[in-house]
Amino acid sequence: MNTVKIIIALTFLLLSGCVAHMQPPEWTNTAEARYAENKDYLEPRVESADSSFSEVYCLCEAYLKLYEFEKLEGCLNLLEQKIDSGDKSVMGFDMSARPYMLKSEMYIELGEYDEAITEAQNGYAYAIKEDLHRLNYIELIKLYGHAYALKGDREGAFKAIDELNAIYLGYPFSLLQEDRDRGLAKIYFALGMYDEAVEVTSKRYAFNELAKALGGLVAGSGDYFLFMDLPYKYIKYKSLLESGHIEQAKEGYDELLSMDQVSHSGSIYWNVLYDRGRIAQAENNIPTAQEYYRKAIEAIELQRGSVGNEASRIGYISSKQKVYADMIDLLVNQKLDSLALMYCERAKARALVDLLAQRSSFSPEQETAEQQQEILARLNQAEAAFYRADQRNTQNDKERQKRAIGAIRRELSSEYPELATMTTVESLEPEAIQDFIRDGETLIEYYSYEQNLYAFMVTKHEVQAIRLDSQDLTADVQAFRQAIISESDQTQALGRKLYSRLIAPLPNHRGRERLLIVGHGVLHYLPFNALIGPEGYLIDSATIRFLPSASVMRFLERRHSTQQHEILLLGNPDLGDPMFDLSGAEVEVREIKKMWPDSTVLLRESATKQSLQEAGRLFRMIHIAAHGKFQSDAPLESAILLTPTTKDDGRLSVDDLYSMELNADLVTLSACETGMGEVKGGDDVIGLSRGFLFAGARSLVTSLWPVPDRETTYLMIEFYRNLKHMSRADALREAQLKTKNEFPSPFFWAAFQLTGNSE
């Protein structure tokens, strides 16, 4: 009996901090990977002032496993407060390094590997300094080794492997050999060394298995250590699949999908569904493959909603693009072009649409904001309960939950119809996209992933998917841009080459006079109007406008400026150094004022950030002639440089735009690099353009590279003269054509493009 007690005690002490006590339900929930139940149980307990370190830790781990990262951050703050107060142990086991582990794992899930490495290495240094148990060393080395491998740093990963193997795990630490080997398996797996991962995960640990069996027996559950086993079962079956043992992998995945806990493990569930789809596709069972891919995408999108800030949300979805890409490829092969377009829209990170919805839904001017938020809170709660349901819920339970969700949505639609469409955000169905396309206009939406490149050609009456050549596309676009900027004699050859790759393969591409282009990846940076076809530059035969995604149309079409003031004109801010003066910008603004006499002009010292923030919402159009700066390393800090004051430095950043409220049909950024943004893996462009759309603009004119002062002034004066009697898209095109006649090089006219509505 004493031997049993020793085995169980060692098991609880060494294998898990949260399995240390058996009676409280949070330990059983954690051990059995029932994180949703733990969250529901622990949240009210942790809100009380007398919650324990163990309760807070188990709640933090539940948030991590459920991908509720915004809540995790607050929970970690509370956990660190507990540690600072001296409450840091479970059954005598010092767990003060656990916040480092949780943060590192969170960053790994978000694809932020450098941050994950930093947290784990800091934790390792802390564990050494505090002389903590060597289980901490294993866990922390495993984390930064895994992050190195995911980052593609093989040298760092192999160094971590060597460090794990160097840890002494003889008596009395032999129980930790399984933890060490599982860490090795995880790193091998991330490095693509699947045979090595299979070998490690196939090892048996008789003493550990006895200890677990006895621990589970005492706890009254055969799933008592499932929280430890799930990730490594997945690694084993995934490694089997990648090393060609498909039948064994299939059996293993089916075993995992039979466990209701798997659906609650965000980092595993969608992967298992996706791989089962791959297996079904390899077996030529296309309907089954499509169904697994559909479920995997639903799981991804559900989890992404819990990522708190915009940049993290994009980062989270970007690491899952392969699932969308395979689904799109599968659908295109079946000639299900409309359905493929829908998944193309869903594949593109939806942060901009989400932000627009959030902005419109919670306007401070709405007197009924509290009632709206109360309905939304009930909707969120009902949806969360439905998605957390496990196999113990009967079909009747699930149907009842669905009906409850439907009733709340109908209430929201009845009471606040606009809010309803803005808060239950989904990508537009292809039919809805076609409804928004204007008569005579053709939408061309591109989608690329690795070696696959598609163009979806959409009109009022049809949707067609066309496979394109993706080889060296990024290099060709970069070379074309550089050729334009340097006015190289290679410009025309590269323009023809890109036209032949991106436009010429489209059915009946000639004669389409109005194009709406949704780029993807590097194509966001391509000046399409400078591509060269049989009839000359594309701008010679077509009027072009752009969108970050087709689904944005629903929000932009809804907006109409109600302001009576015409144009707010800001120009030539005083940046304190004559070398930054833009004399042409001042001429530009004064000339526009002559054409639009009811406009308001703010020049030099008056062209401040505060003036724009306070007056911007009062004007139908806003024109800013100033320097703009795109920061590739920190795109959210990209800014327009306005006159500094005693209150601010004059930088109107993307972050500032998210707190502004505009009511403008048009914002023109007559500045350098204002259309640039960082394209994340999920294809959401973070930059000044998206900031102004979020603030309330219906359309923008921006630039793709630094533009010369004189030629920009010429083009802008023509643009505003044309606006008197043309649509925005036609006005810009005619201004560019006239500028092209005077200054033929595309360097002088091709940088500017219209994003958003054209009318």
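I need the phi-derived Karplus couplings for the stretch 725-738: 6.51 cos²θ - 1.76 cosθ + 1.60, θ = phi - 60°, integer Hz, Gly and Pro marked x.
Computed from phi, the couplings for the stretch 725-738 are 9, 9, 5, 4, 5, 5, 4, 5, 4, 5, 5, 5, 5, 5 Hz.
Give me the one-decimal Kirkwood hydrodynamic radius in Å for the stretch 22-248, with the sum taken over alpha-carbon pairs. Each step should come with its number before you reach the end.
Working: mean 1/r = 0.0545 Å⁻¹.
About 18.4 Å, per the Kirkwood formula over Cα pairs.
Express the relative contact order of the stretch 442-553 as a whole percentage, based on alpha carbon pairs under 8 Å and six or more residues apart in sequence.
Numbers: 158 pairs, mean separation 29.5, N = 112.
That works out to 26 percent.
Can you give the charge dipole size of the stretch 563-756 about its Cα centre, rounded to the nearest 20 debye, using +1 on the beta carbon of Lys and Arg and -1 on the beta carbon of Asp and Glu? Write out the running numbers ahead of the final one.
On the way: 20 positive and 28 negative charges, 127 e Å.
Result for the stretch 563-756 is approximately 600 debye, rounded to the nearest 20.
Output the relative contact order of the stretch 563-756, whole-number percent, from Cα pairs under 8 angstrom with separation of 6+ residues.
Numbers: 423 pairs, mean separation 37.2, N = 194.
The normalised contact order for the stretch 563-756 reaches 19 percent.
Can you tell me the dipole magnitude for the stretch 22-248 around its Cα centre, using point charges on the Cβ only (Lys, Arg +1; Asp, Glu -1), in Debye to the nearest 20? Display every interim value, and only then the final one.
Values: 24 positive and 40 negative charges, 122 e Å.
Roughly 580 debye for the stretch 22-248.
Roughly to the nearest percent, how much of the accessible area of the stretch 563-756 is carbon and sulfur, given a 1.4 Å probe? Walk me through the numbers on the way to the answer.
Numbers: 3350 of 6870 Å².
Of the solvent-accessible surface of the stretch 563-756, carbon and sulfur hold 49 percent.
Determine the order of H245, H520, H627 by accessible area, beginning with the largest, at a probe radius of 1.4 Å. Write down the numbers at each step before the final one.
Working: H245 80, H520 10, H627 40 Å².
Result, largest first: H245, H627, H520.
Using packing as a proxy for protection, rank 149-158, 576-585 so that the peptide with the highest average count of other Cβ atoms within 10 Å comes first.
Numbers: 149-158: 16.5, 576-585: 13.7.
Top to bottom by mean Cβ count within 10 Å: 149-158, 576-585.
The values are calculated or read from the model by the stated rules, or taken from the named source; none is laboratory data. Keep in mind that what you see is a predicted model, and the values were worked out from it rather than measured. Neighbour counts run over all protein chains shown; Cβ positions are idealised from the backbone, glycine included. Areas reflect the complete protein model, heavy atoms only, side chains present, ligands, DNA and RNA absent. Shrake-Rupley method; radii C 1.70, N 1.55, O 1.52, S 1.80 Å.
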